[in-house]
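Before any comments, here is the structure.
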Amino acid sequence: LEHPGMTSDWLTSLRALGETDTHGRVTGQAWRLLLESDQANADAAATHLSLALSPGGGPERAAAWLEGFLGGSGLVLVHDERLLGIVDQWLSGLPRDTFDRLCPIVRRTFSTFEKAERRKIGERIKLSQTDSKGPAAGPPADADYEPERGRLVEPIIALLLAENRP
């Protein structure tokens with residue numbers, strides 16, 4: 001409504017909602033709206049994204065938060081390497097059974113992105129894997145990483161970043 005008093009109340013309510021322990025999709029959407037309205041900076045969004053995707057919250061809640069935060073547009077991942085790195089590390093760190101369970105939610109979220117956004121996100125991830133300074137440069141040398149298992153998820157990632165919408 002562009003009414004200053006209402007806008008202020010709305011933004012205050014969004015911040016309060018983003019701080020509550022409600023459904024992840026709702027809190028993720030609240031933080032996206034705060035970020036887009038310049039009421040939260042990328043640092044605050046990254047902090048809340050990290051907290052939402054931490055193992056303590058549970059993978060289903062994390063996927064719901066991510067869906068709320070990213071739903072409809074991947075531009076935030078295209079323009080913010082740190083946020084993309086957090087999402088990439090979270091997805092890369094999920095156990096196979098959890099990844100398989102959450103894949104439809106994550107795929108649904110990514111399918112709402114424009115074709116150019118998905119392509120750019122894929123390019124950024126690919127570039128970061130070859131650049132040791134990137135946010136998602138891969139697992140540390142001492143990590144318990146199995147390249148064969150990593151290759152198993154390539155078809156699923158290709159579906160997530162598919163050029164054609166379902």
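Note that region 51-105 presents 43 Å² accessible area per residue, ligands and nucleic acids not counted, probe 1.4 Å.
Dividing the helix sum by the residues of the chain, where each DSSP H run of 4 or more adds -39500 (n - 2.57), gives a mean residue ellipticity at 222 nm of -21000 deg cm²/dmol. Distance from the Cα centroid of region 63-94 to that of region 1-36 is 19 Å (rounded to whole angstrom). Rounded to whole numbers, the Karplus 3J(HN,Hα) couplings from phi for region 102-111 are 8, 3, x, 5, 5, 4, 4, 4, 5, 5 Hz, using 6.51 cos²θ - 1.76 cosθ + 1.60 with θ = phi - 60°, and x at Gly and Pro.
Given +1 at the Cβ of Lys and Arg, -1 at the Cβ of Asp and Glu and no other charges, the dipole of the chain around its Cα centre is 460 debye to the nearest 20. Modelled spin-label separation between ARG149 and ASP21, with each label point placed 7 Å from Cα along the Cα-to-Cβ direction: 3.1 nm. Size check on region 15-76: the Cα extents along the three principal axes, sorted descending, read 29, 23, 18 Å. For the chain, the longest principal axis of the Cα atoms and the long axis of helix 4-18 meet at an angle of about 40 degrees.
In terms of packing, defined here as the mean over residues of other Cβ atoms within 10 angstrom, the peptides 29-35, 106-112, 123-129, 151-157 line up highest first as 29-35, 106-112, 123-129, 151-157. In the chain, the longest principal axis of the Cα atoms and the axis of helix 42-52 are about 70 degrees apart. Per-atom-type breakdown for the chain gives carbon and sulfur 55% of the accessible area (1.4 Å probe, protein chains only). Note on MET6 and ARG107: the model spin-label points, each 7 Å out from Cα along the C-beta direction, lie 4.1 nm apart.
The values are calculated or read from the model by the stated rules, or taken from the named source; none is laboratory data. None of the values given here were measured: they were computed from a predicted structure. Every residue, glycine as well, gets a Cβ built from its backbone with ideal geometry; the counts of neighbours run over all protein chains shown. Please note that ligands, DNA and RNA were not included when accessible areas were found on the heavy atoms of the full protein model with its side chains. Shrake-Rupley method; radii C 1.70, N 1.55, O 1.52, S 1.80 Å.
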